[in-house]
1. When both residues are 6+ apart or on different chains and their Cβ atoms are under 6 Å apart, which pairs have a first residue that lies in region 65-88 and is acidic (Asp, Glu), and a second that is not in a helix (DSSP H, G or I)?
2. Please count how many residues of region 241-259 are touching a Pro at 6+ places or on another chain (Cβ under 9 Å) and without any contact (Cβ under 8 Å) to a residue 60 or more places away in the chain.
3. Of the residues 132, 139, which is modelled with pLDDT of 85 or more and touching a helix residue (DSSP H, G or I) at 6+ places or on another chain (Cβ under 6 Å)?
4. Got a number for residues in region 140-157 being of a type in the set (D, E, K, R) and within 12 Å of residue 184 (Cβ to Cβ)?
5. If we keep just the residues of region 155-186 that are outside any strand (DSSP E or B) and surrounded by 12 or more Cβ atoms within 10 Å (Cβ to Cβ), which is modelled with the lowest pLDDT?
6. Residues 267, 251, 245: which one is more than 19 Å from residue 139 (Cβ to Cβ) and either assigned to a loop (DSSP other than H, G, I, E, B) or at pLDDT 90 or above (or both)?
Amino acid sequence: MRQSIKTQRGFTLLEIVIAIALLAFISIFVAQSIRNGLSARNKIQRDIDASVGLREALNLMSRDIQLAFNFRDINIELYNAAIKENCKAPGGNTSPPTNPPPATPPPSGAAFTGEKCTPKVPKILTQFIGETEKLNLATRSNIRMQKDDPTSDQAEVGYELKDCKSRSRTKSGSQSSKCLWRRFSPVIDETPLDGGTSIAILDNVKSLAFRYLGPGQPTEWLKNWRSDAQGSGDERMKGKFQLAVEITMVVEDKSVTPSKEIGITMVADIRFPNNEEKKEEVPTTTSGGSN
């Protein structure tokens, strides 16, 4: 019994010190790895949040542009076409006579005269007015939120950058920044640049730029487009909507030091621009024969 007790041995002090040192080293390594992983996760989550907010804003803008609403009254177009056909004067002159002689009403099927030859001028309320940093258009992207709500899917929508208070918290608290504002009006009226209510949908926007690809310029991106042909507009743009719009937006992440910029470019095409096609007149030739 005494012999077995004497043969038992425990850890020496040096072995205990080495074991504690190894355990401490492993614990520090694991803790540092966990800390680095959490830091990387938070950084990735911040980038995802900033990118998601930017993409959601771009998707909303893209939907409004894709459903742009260019209304042309087909009844007025048909009426004017009938007037043009029935009011043709001898010699190919389609304009109504200046001083029509007072005569008895023409028989059925005769050409129109006087006021009946005056074409109707259509009243166009749907407009597409695009600038470098602003966009206003008529669209069919309105969503009816309640059943039997007496509103249609038509609306006026505008986008621009304006000053606002940043909603993101930084070390110094909230601060002023540029926000993307969306103007919405469920009524399409004669003032396509005003009316409705504006809401800031994205903050900390560094820059916003639009470019426009219109009919007649299949490869040239333009900085401005006005379907009302006013201001910097062109008569070639009058009554016509864009084929596609390029949107470039850059946001700034101020929650990190130094701040980080995230930018995305998206192209939104209008599904149905409903532009009037220019009809080329085919010259008529008269063929004569010899006897």
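The values are calculated or read from the model by the stated rules, or taken from the named source; none is laboratory data. These numbers come from a predicted model, not from an experiment. So basically every Cβ, Gly included, is an ideal-geometry build from the backbone, and we count neighbours across all protein chains shown.
1. The qualifying pairs are 73/122.
2. First, pick out the residues of region 241-259 that are touching a Pro at 6+ places or on another chain (Cβ under 9 Å): 241-243.
Subset that is without any contact (Cβ under 8 Å) to a residue 60 or more places away in the chain: 243.
So the answer is 1.
3. On the way: 132 fails: touching a helix residue (DSSP H, G or I) at 6+ places or on another chain (Cβ under 6 Å).
Unique residue meeting the criteria: 139.
4. So in region 140-157, the residues of a type in the set (D, E, K, R) come out as 140, 144, 147-149, 153, 156.
Still in the list and also within 12 Å of residue 184 (Cβ to Cβ): 156.
Going through region 140-157 one residue at a time, the tally reaches 1.
5. Going through region 155-186, the residues outside any strand (DSSP E or B) turn out to be 166-175, 186.
In the following step, the residues that additionally are surrounded by 12 or more Cβ atoms within 10 Å (Cβ to Cβ) were identified as 166-168, 170, 174-175, 186.
Values: 166: 65, 167: 61, 168: 57, 170: 51, 174: 54, 175: 65, 186: 89.
The selected residue is 170.
6. Working: 267 fails: more than 19 Å from residue 139 (Cβ to Cβ); 245 fails: more than 19 Å from residue 139 (Cβ to Cβ).
Going through 267, 251, 245 in turn, just one is more than 19 Å from residue 139 (Cβ to Cβ) and either assigned to a loop (DSSP other than H, G, I, E, B) or at pLDDT 90 or above (or both): 251.
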